[in-house]
Amino acid sequence: MKNYEYFNTLLPQMIGQKEGAIAPQITPSAAFGYGSAEEAEAIFSGEMAKPLYARMGNPTGAKLETVLATMEEGGGAVVTSSGMAAITMVLTALLEHGDKVLCIGGFFGGTYALMHETMPRFGIEGLFCGVDDFGKIEEALQQGVKMVLCESVGNPNLKLPDLRRIADLCNRYRALFMVDNTVTPLIVQPLRMGADLVIYSTTKIISGHSAALGGAVIFRAIEESDEKLLDPKFSSIHPFLKKGKGAMMAILKKRAMRDFGMSANAFASFLTLLGLETLPLRVKRVNENVEKVVQLLYEAGIQVRHPSLKNHEHHQRYQELFADGCGPVVTIECGTRQKAFAFLNASRMVTQTANIGDNRTLGLHMASTIYRDFSQEDKKILGITDGLVRLSIGLESPQKLVDDMVQAWQIAMR
């Protein structure tokens with residue numbers, strides 16, 4: 001990754017204004033007027049970059065899109081109403097009935113349900129395999145899978161994919177590679193590693209304050225030669241490729257957002273921009289905190305799981321590919337539902353919520369909440385046990401957090 005100082009300069013300078021109001025502008029309008037019939041035609045054809053209608057985006061969202069695309073070194077971005085909306089937009093814009101998506105590794109419950117239950121109802125099948133099952137990955141790609149989806153860090157199973165190796169396979173077999181980078185902004189840069197699309201739930205660490213629901217898709221630039229989207233399997237979107245650099249933006253907005261309406265609202269985009277200004281400082285602090293907290297919990301005899309520990313199956317990959325950390329998520333195995341409840345209820349610092357990536361430390365019992373309706377088989381695949389607690393480490397003093405969790409653990413284990 002680039003130096004934190006690079007982002008500490010880039011983001012505040014891009015977001016703040018030099019004249020007039022310093023803070024980003026909010027444009028809370030559902031509709032926009034056109035200066036003439038000719039201008040209206042130019043806007044609808046894409047020849048003029050002015051607001052069309054809020055369902056297709058608004059100026060505040062456009063500002064956020066510019067910042068995110070620059071941060072990820074992408075060709076462009078589209079912001080959405082949530083992280084799930086961002087994933088759904090990509091799937092519905094680029095895939096068709098009969099297509100298959102290879103889902104690699106562990107997944108957030110919403111993403112797993114989308115690919116396992118919802119998209120199959122519309123004729124798009126999700127195939128699942130482990131992060132190290134490269135034989136199955138290549139076999140699926142050989143059989144014509146059009147898209148591969150994975151999380152940069154499995155949430156909550158904390159398995160780490162080899163993104164570069166997966167990207168190489170996707171390029172070899174002309175498949176699109178989409179990475180959910182929600183927990184690792186700045187410290188993992190999927191487009192640099194060969195991904196085609198990067199997904200964020202900006203609700204999480206991008207914003208950091210739990211005040212704004214949102215999502216984003218950042219995409220690479222369309223290649224002038226050897227573009228994988230020119231493969232016959234993507235023939236339905238070939239007419240859009242004539243737009244050149246603006247092709248992917250048009251595909252996402254006209255084949256999905258226009259018809260499904262997963263649009264970001266102006267106020268959420270404004271709040272997200274405010275959070276982005278301090279993202280580098282928060283990312284650095286959180287990832288430093290995680291390693292300290294995990295090590296101290298482990299030394300205290302608590303059943304903690306994280307790739308920074310030597311007993312984790314991907315510890316070496318963590319050292320080689322995740323030098324700056326792998327985000328705020330840590331898990332603790334309490335053994336039973338009752339002990340997990342006791343641990344969470346005894347903590348004075350953990351806020352119990354379904355969110356992650358907040359400025360404060362969060363926690364949740366997985367099996368009774370997000371995964372409560374999942375079958376035992378699905379829970380096993382996703383690494384969800386009856387005693388699993390997911391933590392999202394925040395900005396607090398690591399020693400204070402450890403002291404609190406140790407006393408909570410002692411109470412739970414009585």
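On the basis of the beta-carbon distance and an R0 of 25 Å, R165 and E73 show a calculated FRET efficiency of 0.75. Of all DSSP bridge pairs formed entirely within the chain, close to 55 percent run antiparallel.
Rounded to the nearest 10 degrees, the angle from helix 4-15 to the longest Cα principal axis of the chain is 50 degrees.
What's log10 of I(q)/I(0) for region 29-126 at q = 0.12, 0.19, 0.24, 0.25 Å⁻¹, Debye sum over Cα points only, no solvent? After summing over all Cα pairs, the log10 values are -0.57, -1.01, -1.19, -1.23.
Quick check for region 236-291: number of Lys pairs with alpha-carbon distance under 30 Å, counting only pairs 8 or more apart or on different chains? Intermediate values should be presented prior to the final figure.
Details: K242/K253; K242/K254; K243/K253; K243/K254; K245/K253; K245/K254.
Summing the qualifying lysine pairs gives 6.
Across the chain, the convex hull enclosing all Cα atoms gives 143 Å³ per residue.
The HN-Hα couplings worked out from phi for region 391-396 by the Karplus form 6.51 cos²θ - 1.76 cosθ + 1.60 (θ = phi - 60°) are 10, 10, 6, x, 8, 5 Hz, whole numbers, x standing for Gly and Pro.
Taking the convex hull of the alpha carbon positions in region 212-348 and averaging its projected area over all directions gives 13.9 nm². The local environment of R305, defined by Cβ-Cβ distances under 13 Å, has a net charge of +1 under the rule Lys, Arg +1 and Asp, Glu -1.
Can you flag which of K136/K228; K339/K400; K146/K292 are past 31 Å Cα-Cα? Present the calculation step by step, with values, prior to reporting the outcome.
On the way: K136/K228 21 Å; K339/K400 22 Å; K146/K292 41 Å.
Flagged as over cut-off: K146/K292.
In a shell of Cβ-Cβ distance under 12 Å around S269, excluding S269 itself, what net charge do Lys and Arg (+1) and Asp and Glu (-1) give? Can you show the working numbers first?
Values: positive: K63; negative: E65.
Around S269, the charge tally is 0.
Taking Cβ atoms as reference points and 14 Å as the exclusive limit, the residues near D168 contribute a net charge of +3, counting Lys and Arg as +1 and Asp and Glu as -1. Could you list the residues of region 314-350 with an amide nitrogen less than 20 Å from a label point located 7 Å from the Cα of R414 in the Cα-to-C-beta direction? Counting only backbone N, you get 334-350.
For region 76-197, rounded, prolate or oblate, judged on the Cα gyration tensor with a ≥ b ≥ c (square roots of eigenvalues), a/c < 1.5 rounded, else prolate if a/b > b/c?
On the way: a/c = 1.27, a/b = 1.03, b/c = 1.24.
Rounded.
Here the Karplus relation 6.51 cos²θ - 1.76 cosθ + 1.60, evaluated at θ = phi - 60°, turns the backbone of region 167-179 into coupling constants of 4, 4, 5, 5, 5, 4, 9, 6, 10, 7, 10, 10, 10 Hz, with x for every Gly and Pro. FRET efficiency for the D133 to Q338 pair, using the beta carbon distance and R₀ = 41 Å, is estimated at 0.75. Where does helix 83-94 land angle-wise versus the long Cα axis of the chain, in degrees 0 to 90, nearest 10? For 83-94 against the chain, the angle is about 40 degrees. Can you give the angle from 0 to 90° between the axis of helix 337-346 and the longest principal axis of the chain, with both taken from C-alpha atoms, to the nearest 10? Tilt of helix 337-346: around 90 degrees. Applying a DSSP loop filter and a limit of 13 other Cβ atoms within 10 Å to the trypsin sites (Lys or Arg not before Pro) in region 1-72 leaves K2, K18.
For the pair S45 and K380, the difference between a 0.36 nm per residue extended length and the Cα-Cα distance amounts to 115.7 nm. With θ taken as phi - 60° and the Karplus curve 6.51 cos²θ - 1.76 cosθ + 1.60 applied, the whole-hertz 3J(HN,Hα) list for region 257-271 is 4, 4, 9, 9, x, 8, 7, 6, 8, 4, 5, 5, 5, 4, 5 Hz, x standing for glycine and proline. Among H97, H315, a tally of other beta-carbon atoms within 10 Å of each Cβ gives an order, fewest to most, of H97, H315.
From least to most packed, judged by other beta carbons within 10 angstrom and beginning with the fewest, L395, L149 follow the order L395, L149.
For L176, the residues 5 or more places off, or on other chains, whose built amide H falls under 5 Å of its own are M147, V148. Computed FRET efficiency, Cβ-Cβ of T9 and A221, R0 25 Å: what is it to the nearest 0.05? E(calc), rounded to 0.05, equals 0.60. Simple spin-label estimate for Q319 and L241 gives 4.4 nm between the two label positions (7 Å along the Cα-to-Cβ direction from each Cα). Put in line by how crowded their Cβ is, counting other Cβ atoms within 10 Å and starting with the fewest, T278, T184 read T278, T184. Note on the chain: GNM, Cα springs under 10 Å; of S368, S82, S207, the largest mean-square fluctuation is that of S368.
Only the coordinates and a few stated rules stand behind these numbers; no lab work does. Because the structure is a prediction, the values reported are computed rather than measured. As a convention, Cβ positions derive from the backbone with ideal geometry for all residues, glycine included, and neighbour counts pool all protein chains shown.
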